[in-house]
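Chemist: What follows is a single structure, and I will ask about it in a moment.
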Amino acid sequence: MKKILFLVVVLTLGINYTFAQSGPEIKFETTTHDFGTFSENDPVVSYEFVFTNIGDAPLVIHQAIASCGCTVPDYTKEPILPGKKGTIKVTYNGAGRYPGHFKKSITLRTNSKTEMMRLYIEGDMTAKK
């Protein structure tokens, strides 16, 4: 009986310890950005998404993939320690694209609780005059 009680206590403590360690967690200030209206004469626009690791372990971004070749993400490559900030700079190049409204997504793969998430950019490119 003592052995069974001991095993139950050890198992309970082990499970509680496992769940107490939450790991890294990513939190963005915003997950969407609207560039508004810009001209085809100056078709390259950029925005920097800022995030914080609100977890208790280092955060690593494994991949950032844009929905098309006109959008290029550049992200913090080194691990982000708990409480620290990182960035993902997204550049949209409208050269050679039709003027008008666009909406693109950037898919992130991380070691956070939420392993995959999306960021969005959009805007309206007006034709050359």
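Chemist: Could you look through segment 30-51, keep only residues that are small (Gly, Ala, Ser) and more than 27 Å from Glu78 (Cβ to Cβ), and pick out the one that is surrounded by the fewest Cβ atoms within 10 Å (Cβ to Cβ)?
Modeler: The selected residue is Gly36.
Chemist: Strands (runs of 3 or more DSSP E) wholly in segment 35-129 with at least 3 residues that are within 25 Å of Glu25 (Cα to Cα), in contact with a strand residue (DSSP E or B) (Cβ under 7 Å, 6 or more places away or on another chain) and among the charged types (D, E, K, R) - which ones?
Modeler: none
Chemist: Quick check on my filter: what residues within segment 61-116 are among the aromatic types (Phe, Trp, Tyr) and within 15 Å of the chain's Cα centre (by Cα)?
Modeler: Passing the criteria: only Tyr75.
The numbers here are math on the coordinates, done by the rules we state, and not lab data. Predicted model, so just to flag it, every value in this text is computed and none were measured. Positions of Cβ are generated from backbone atoms using ideal geometry, with glycine treated the same way; all protein chains shown enter the neighbour counts.
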